[in-house]
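The values are calculated or read from the model by the stated rules, or taken from the named source; none is laboratory data. Everything quoted here is computed from the prediction, not taken from an experiment. All Cβ positions, even for glycine, are placed from backbone atoms using ideal geometry, and neighbour counts span all protein chains on display.
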There are 4 protein chains.
Amino acid sequence: MLERQRAKGTIVITASIVGATGYTGAVLTDILAEHPEVQLGALTTKSYVGKSVSSVFPHLRVDRKYQEFSPDSAGAADVAFVCYPHAEAYAVVAQLVDKGCRVVDLSADYRLKDPAGYEKWYGFAHPRADLVEEAVFGLPEVYRAQIATARIIANPGCYPTSMILGLLPAVDDIGDGGVIVDSKSGVSGAGRTPNDKVHFCAVHDNFKAYGEVGHRHTAEMMQELAAASGRALPVSFTPHLLPVDRGILSTMYFKPKCGMIGNAAWTQKYRDYYKDATFVEVVESVPSLAEVQNTNFCRIAVKEDSAAGLVKVFSVIDNLVKGASGQAVQNMNVMFGFAEDAGLRRKV
Amino acid sequence: MLERQRAKGTIVITASIVGATGYTGAVLTDILAEHPEVQLGALTTKSYVGKSVSSVFPHLRVDRKYQEFSPDSAGAADVAFVCYPHAEAYAVVAQLVDKGCRVVDLSADYRLKDPAGYEKWYGFAHPRADLVEEAVFGLPEVYRAQIATARIIANPGCYPTSMILGLLPAVDDIGDGGVIVDSKSGVSGAGRTPNDKVHFCAVHDNFKAYGEVGHRHTAEMMQELAAASGRALPVSFTPHLLPVDRGILSTMYFKPKCGMIGNAAWTQKYRDYYKDATFVEVVESVPSLAEVQNTNFCRIAVKEDSAAGLVKVFSVIDNLVKGASGQAVQNMNVMFGFAEDAGLRRKV
Amino acid sequence: MLERQRAKGTIVITASIVGATGYTGAVLTDILAEHPEVQLGALTTKSYVGKSVSSVFPHLRVDRKYQEFSPDSAGAADVAFVCYPHAEAYAVVAQLVDKGCRVVDLSADYRLKDPAGYEKWYGFAHPRADLVEEAVFGLPEVYRAQIATARIIANPGCYPTSMILGLLPAVDDIGDGGVIVDSKSGVSGAGRTPNDKVHFCAVHDNFKAYGEVGHRHTAEMMQELAAASGRALPVSFTPHLLPVDRGILSTMYFKPKCGMIGNAAWTQKYRDYYKDATFVEVVESVPSLAEVQNTNFCRIAVKEDSAAGLVKVFSVIDNLVKGASGQAVQNMNVMFGFAEDAGLRRKV
Amino acid sequence: MLERQRAKGTIVITASIVGATGYTGAVLTDILAEHPEVQLGALTTKSYVGKSVSSVFPHLRVDRKYQEFSPDSAGAADVAFVCYPHAEAYAVVAQLVDKGCRVVDLSADYRLKDPAGYEKWYGFAHPRADLVEEAVFGLPEVYRAQIATARIIANPGCYPTSMILGLLPAVDDIGDGGVIVDSKSGVSGAGRTPNDKVHFCAVHDNFKAYGEVGHRHTAEMMQELAAASGRALPVSFTPHLLPVDRGILSTMYFKPKCGMIGNAAWTQKYRDYYKDATFVEVVESVPSLAEVQNTNFCRIAVKEDSAAGLVKVFSVIDNLVKGASGQAVQNMNVMFGFAEDAGLRRKV
């Protein structure tokens, strides 16, 4: 087992993971096992109770066993990460909060500020409008102050993270036509449960769009663009499935109200915006997935297409790290006053 | 060796391939070796003179040897396929035409109708404006009549084929803002010459954009959209490199002048347009690369994003077949009065 | 739809496929839809009754619908291909034979000549020793004469096909220590049913052995080596899972009784043995999967390691074609007196 | 840039990398930039002088520039890592040693103890028999004591590392027939220089053997087996090229003199042997590449095939880490008295 060196006297919190045997749970386990300020609490599972971490994920050198979920055991931690599917997570989150535990929810169940959105986009009536209102959208680059004191963090979706970070610095420049978001994701974004669509032979050497109109992540994207711009900007989002394991590239297009200002000016605008953001890198060459895979970084390049009068933004993240578990730990670091990059400098 | 059955009395033409040892040359060799109306003439090469086809391409069961190019040997055929890079092809094409040979040029050297375009997009002054004017853009779905009698066919680029076929039926509906073309291609589109960018370790499990503004294929796309619509429509084109061998998916976006008419109406409009096109299939589910790989088919789906007020078109082809060598043979079939699909029903 | 040209007056048989919606069923559908002597009969399925072929397999341009299995409908054909898992196939085969239909069984249920082998290797008692005795092992390169008149063909496993073809010409030279068979297979060999092991993220960029001792296919290999050599030769077989879709490479090692005779002599011996075998190619350079993917060919190279006193044999096939559905059609061709390569020259 | 936390008062050495812009150089740069006891000295290159690390390797967040090689600059470090091809490295190593610098040579130029071996296996006469004699084979699991005081470390080849670690504990049990080593490697093992064989389209979805008899790494394997066993054991080695980026699986076969003793006994024997080896893990389930990719671990499983009377050993490493740069740093750690795993716990 990889052993963590911890200096004497460090303050340590306990973190539990609810639904620890999916892909996001596995990455969380990896990060938290080496996090200098954290000790692992309960790792809960539905399917692998009693099994060791390394028997389920042989690449993880973590000497722990999975257990069944109970609000008591998971809620005994200082913070719980909830990795359940949407419509299954909200009740567990509520239970854990009731136990006095702070929660980072990796599902969509607290992301939308408008309670009616859950019915429209996710097909269920959310019974806890109070907690929806209280929850903070967990994008530290925007909501750092609120995250610091929040009880419930709604960890953003992977696509929205790549998109929102890629557009925020330009949000006031986006023309009223809104944005086109053409995103391409690795297969781990579809989760660990086997089905026809993630069969190796269906994905390998292949490529296609899916959820090609009205994908649920559109709601989050529109909400956050509106929050940042004060306007209701149309978002046309199209996800595609790449034959790669991890990583999202969102290629985005908008007509700038400011007209063409030159690539250097865009780059500078973005760098100014992110000057205090540890994990956002604004670069000059269009970034590839390999530059961020297994890291918590988001890398962004902006290019004008002056002939067509458009701006193109290229934004890459690792969907399981900055798009899920890494960002969740970044949120935890902000919540507990740790260095924002604590535990997030190594590849996972 | 796979042997071709030929009925007695069939009229047979001879076809030579100039630059036969690149990827497009290999696919042409494969198609023509089994084509019922064709016998192979000279297969020319710069690097493999005297070698057998199967020693260079062990997957090809064609019993022939490569030879050096000469206008006499290659030009002795009824038709020559020229697979040279741009700026190298035009002179060879002219030589072959002078020998009385009809030519399908797979390079870009005769695609642009405006001679000034070569300077602007390809960096060379084209010395044969006469042949540029004479050459026919080899998209049989549009120019079938002119192809039938042409001496020089400018075989379209791979990206433009996917894009133009995907937009032609809607060209009068495209708003003045023009179109966004977000294309993703397999690696074979970059050619067979090794370099850093096609090293397995650079591409595998990775994804990125390249030539992200002002890619040369934009010129062809704009030319053909303008020819079809009578308007100068802006085209913002962004190619990306997929970790797959073969195939292009172009995801395209435009704001329709006609407003939202429903997916069924779009599908019907496209099907009407292509009712006589052997190799274009308009489908209801978004197509994947696997549906057209190794074939000469182009498969297209159209979807409205009514919330954003946009139409999305998904168009897939195999870049080496409908995007290059298959389309070249389709052009030859039209030129010589063969069935348009002769030799093009088997996978290559 | 790809249309098959059929000359007037051709004798046509009808072929049904039982279990047509797995990978081997799909490849059979593809081959038989274009086979010049065959018309498709019932295509049966458990999960897709009433669906069209192209809705389940969008890459197949075959205009047919799936139906439920019944002995009457499937058995009304001249020949039925049974694509059920082992222990499920034998009863259906018996039903079809009773209907007067000849059967090519792609499962393992009639491959072992010793009825006790089913208990030992597959864990079920075979109730039809009579049919086991009657069935012919469907390797046309060995059993062509018996196949011609057989009612039941036990189509060989994919690994055994690659191994047996690779060793037969040398079987009398293999030392009493027997052979080591280190095989590597594409994922389609594991079938179309989703599970953890064929999830894209489990296979992609990864590699491992499985069934590393005592894999069931060992039984077939030993049976056929013993039949050919008259000796019980030990076989140590180790399969591995490649991150590729289709193809098997078996690398095999044996100590030759004849000592070192030179690569040329081995190649000649193999070529002599296979001089009448349409689908076996003996080559000088070690073959790659790409040379046989999508074809019915087996390609073999033999190399002496004189320093170690061993012979290495490299044998490649496409597991779904020569390793399953192509070989099944080759067997059908022999059974009905068609050209052995009828329908098997195009890629599938 | 990832920043390294260093406690005050730490002893720090300087390390230079000669040939820093190949794959092994990049991994060394990554490891050493974060190593707690090391500061980076000169990073030399032939092709990228003056360029920054991140412009050549955008995934590396190391703020340094490459420079031309000179014995003075590279030799000013406490230790130099030489990443040149064989026959190019030995002279540079000698120059650096003359400057008083200790050297870890990642080439083959000092691996063979018999000077005549260089002529036989590598085709050049080695002019420095004195340094060949002095050099220590850099496998810390075997030669830790000699490494501690060595001036020149001959870092082992990737295939030999996987093979030797997999056989050492059993070396006295291997029958006189010797061992068969069937190895499969990712493409990064072929280096970063582009050529036909590492073109994405040549490797992707493909698989084949290469160097199928008499591969140079056989010499190292035989040397070390002989050194450990006191016998000249035949080794039949066959490398294959996997469509993966990184990782080697060696599947090995031998007939044990001790007969069948059971899997548990083999596992225990191996665990006893490696009880003090930080980076060797003996496991019960056959390991996959994913379990060691990006790490310095070697993972091994041993399985008896009692029916065939053989033992199978499965050994996996990352060819660029334990098979090259990670092991090189492990050697450096031993040379300078650092913790053997210093800098080697994070993924690279």
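Numbers for the structure displayed
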quantity: Subset tally (residues that are in contact (Cβ under 8 Å) with a residue 40 or more places away in the chain, more than 30 Å from D:ILE261 (Cα to Cα) and of a type outside the set (S, T, N, Q)) for region D:174-218; calculated: 11
quantity: Of all residues in region C:242-267 being within 12 Å of another protein chain (Cβ to nearest Cβ) and free of Cβ contacts under 8 Å to residues at least 60 places away in the same chain, the one that is nearest to the chain's Cα centre (by Cα); calculated: C:ASP245
quantity: Single condition B:VAL244 does not satisfy, out of (1) surrounded by fewer than 20 Cβ atoms within 10 Å (Cβ to Cβ); (2) under 30 Å from C:ASP245 (Cβ atoms); calculated: (1)
quantity: Tally, over region B:22-49, of residues that are among the hydroxyl-bearing types (Ser, Thr, Tyr) and either within 13 Å of B:SER325 (Cα to Cα) or not assigned by TED's automatic domain parsing to the domain that holds B:SER70 (or both); calculated: 3
quantity: Qualifying residue in region A:198-208 (condition: at pLDDT 95 or above, crowded, with 21+ Cβ neighbours inside 10 Å and within 16 Å of the chain's Cα centre (by Cα)); calculated: no
quantity: Pair list, Cβ under 6 Å, 6 or more apart: region B:289-307 residue at the interface with another protein chain (Cβ under 7 Å from one of its Cβ atoms) and in contact (Cβ under 8 Å) with a residue 60 or more places away in the chain, other residue buried (at least 23 other Cβ atoms within 10 Å of the Cβ) and not in a loop (DSSP other than H, G, I, E, B); calculated: B:LEU289/B:VAL316
quantity: Residue in region C:210-224 that is surrounded by the fewest Cβ atoms within 10 Å (Cβ to Cβ), counting only those that are in contact with a Lys or Arg (Cβ under 8 Å, 6 or more places away or on another chain) and of a type in the set (A, V, I, L, M, F, W, C); calculated: C:VAL213
quantity: Residue in region A:209-230 that is out of contact with any helix residue (DSSP H, G or I) (no Cβ under 6 Å at 6 or more places or on another chain) and closer than 30 Å to C:ALA290 by Cα present; calculated: yes
quantity: Matching option when the condition is among the basic types (Lys, Arg), more than 17 Å from C:TYR253 (Cβ to Cβ) and touching a strand residue (DSSP E or B) at 6+ places or on another chain (Cβ under 6 Å), among D:LYS197, D:LYS257; calculated: D:LYS257
quantity: Flag for B:ALA232 being within 12 Å of chain A (Cβ to nearest Cβ), of a type in the set (A, V, I, L, M), over 15 Å from B:VAL179 (Cβ atoms) and more than 16 Å from the chain's Cα centre (by Cα); calculated: no
quantity: Residue that is surrounded by the most Cβ atoms within 10 Å (Cβ to Cβ), among those in region A:155-194 that are more than 18 Å from A:LYS322 (Cβ to Cβ) and charged (D, E, K, R); calculated: A:ASP182
quantity: Residue check for A:TYR159: assigned to a helix (DSSP H, G or I), farther than 30 Å from A:LEU242 by Cα and either at pLDDT 95 or above or assigned by TED's automatic domain parsing to the domain that holds A:LYS257 (or both); calculated: no
quantity: Identity of the residue in region D:325-343, within 14 Å of another protein chain (Cβ to nearest Cβ) and crowded, with 24+ Cβ neighbours inside 10 Å, that ends up farthest from D:VAL280 (Cα to Cα); calculated: D:GLY343
quantity: Condition met for D:GLU284 (surrounded by fewer than 23 Cβ atoms within 10 Å (Cβ to Cβ), more than 11 Å from chain C (Cβ to nearest Cβ) and either touching a helix residue (DSSP H, G or I) at 6+ places or on another chain (Cβ under 9 Å) or over 19 Å from C:HIS240 (Cβ atoms) (or both)); calculated: yes
quantity: Count - residues of region B:287-311 that are surrounded by 23 or more Cβ atoms within 10 Å (Cβ to Cβ) and farther than 28 Å from B:THR24 by Cβ; calculated: 4
quantity: Residues of region B:44-64 that turn out to be touching a residue at least 60 places away in the same chain (Cβ under 8 Å) and either more than 12 Å from every other protein chain (Cβ to nearest Cβ) or more than 23 Å from C:VAL292 (Cβ to Cβ) (or both), as a count; calculated: 2
quantity: Hits in region B:180-205 - residues which are within 7 Å of chain D (Cβ to nearest Cβ), under 14 Å from D:ASN195 (Cβ atoms) and among the β-branched types (Val, Ile, Thr); calculated: B:VAL198
quantity: Residues of region A:308-324 satisfying the condition of being within 14 Å of chain B (Cβ to nearest Cβ) and touching a Leu at 6+ places or on another chain (Cβ under 7 Å); calculated: A:VAL313, A:PHE314, A:SER315, A:VAL316
quantity: Positions within region A:46-72 being over 25 Å from A:LYS99 (Cβ atoms) and among the β-branched types (Val, Ile, Thr), in sequence order; calculated: A:VAL56
quantity: Search result, residues across region C:206-229 that are more than 8 Å from every other protein chain (Cβ to nearest Cβ) and of a type in the set (A, V, I, L, M, F, W, C); calculated: C:ALA219, C:MET221, C:MET222, C:LEU225, C:ALA226, C:ALA227, C:ALA228
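Yes/no matrix, rows are residues, columns are (1) within 18 Å of A:ASN331 (Cα to Cα); (2) free of Cβ contacts under 8 Å to residues at least 12 places away in the same chain:
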{"residue": "A:ARG111", "(1), (2)": "yes, no"}
{"residue": "A:ASP114", "(1), (2)": "no, no"}
{"residue": "A:ASP130", "(1), (2)": "no, yes"}
{"residue": "A:ALA135", "(1), (2)": "yes, no"}
{"residue": "A:TYR143", "(1), (2)": "yes, yes"}
